[in-house]
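Notes to accompany the following structure.
The values are calculated or read from the model by the stated rules, or taken from the named source; none is laboratory data. These numbers come from a predicted model, not from an experiment. Note that we place each Cβ from the backbone using ideal geometry, even for glycine, and neighbour counts take in every protein chain shown.
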Amino acid sequence: MKTLFTLAFGICLGFVLAIGAMRYHVVRATDGMHFVPKRTAHLKGAYVDIREFDAATWTEHEDLAFALVEADKAHLIADSAKNDLRNAAQGMLNSLRN
């Protein structure tokens with residue numbers, strides 16, 4: 001009986017986690033984790049680490065960008081753009097030093 005209960009609990013937990021993954025982006029940013037509602041239900045982009053995103057990467061993740069704007073978390077996009085600019089400037093400084 002215990003095995004049957006464990007199996008049923010595991011199935012229910014998996015179902016709940018799958019539904020959550022289909023409805024929310026889990027976004028890891030420099031200021032922590034954010035849960036952002038998805039625009040459409042699918043498993044793509046269930047977990048996204050945006051700490052190293054640059055402008056080109058954002059064009060590949062349009063759904064996430066739109067979802068962040070709709071959830072009033074557009075500052076996360078701007079923060080990653082600042083990191084991109086900072087990295088480019090650091091690269092230019094390093095090339096001038098050498």
Scope the range 32-66; condition touching a Lys or Arg at 6+ places or on another chain (Cβ under 8 Å), modelled with pLDDT under 90 and over 13 Å from ILE77 (Cα atoms); matching residues: ALA41, GLY45
Leading residue by the ranking (farthest from PHE15 (Cα to Cα)) among those in the range 58-85 that are exposed (fewer than 14 other Cβ atoms within 10 Å of the Cβ) and not hydrophobic (A, V, I, L, M, F, W, C): LYS82
Members of the range 20-29 found to be within 11 Å of the chain's Cα centre (by Cα) and either within 13 Å of ASP63 (Cβ to Cβ) or not charged (D, E, K, R) (or both), listed by number: TYR24, HIS25, VAL26, VAL27, ALA29
Some residue of the range 14-23 being at pLDDT 90 or above, in contact with a Lys or Arg (Cβ under 9 Å, 6 or more places away or on another chain) and charged (D, E, K, R): yes
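Just one of ASP63, ASP79 is within 21 Å of MET22 (Cα to Cα) and of a type outside the set (Ser, Thr, Tyr); which is it? Working first, answer last.
Working: ASP79 fails: within 21 Å of MET22 (Cα to Cα).
Exactly one residue qualifies, and that residue is ASP63.
At least 1 residues that are out of contact with any His (no Cβ under 9 Å at 6 or more places or on another chain) and aromatic (Phe, Trp, Tyr) in each: list the strands (runs of 3 or more DSSP E) lying fully within the range 1-79 that qualify. Give the derivation first.
Working: elements: 24-29, 32-37, 47-49.
Output list reads 24-29.
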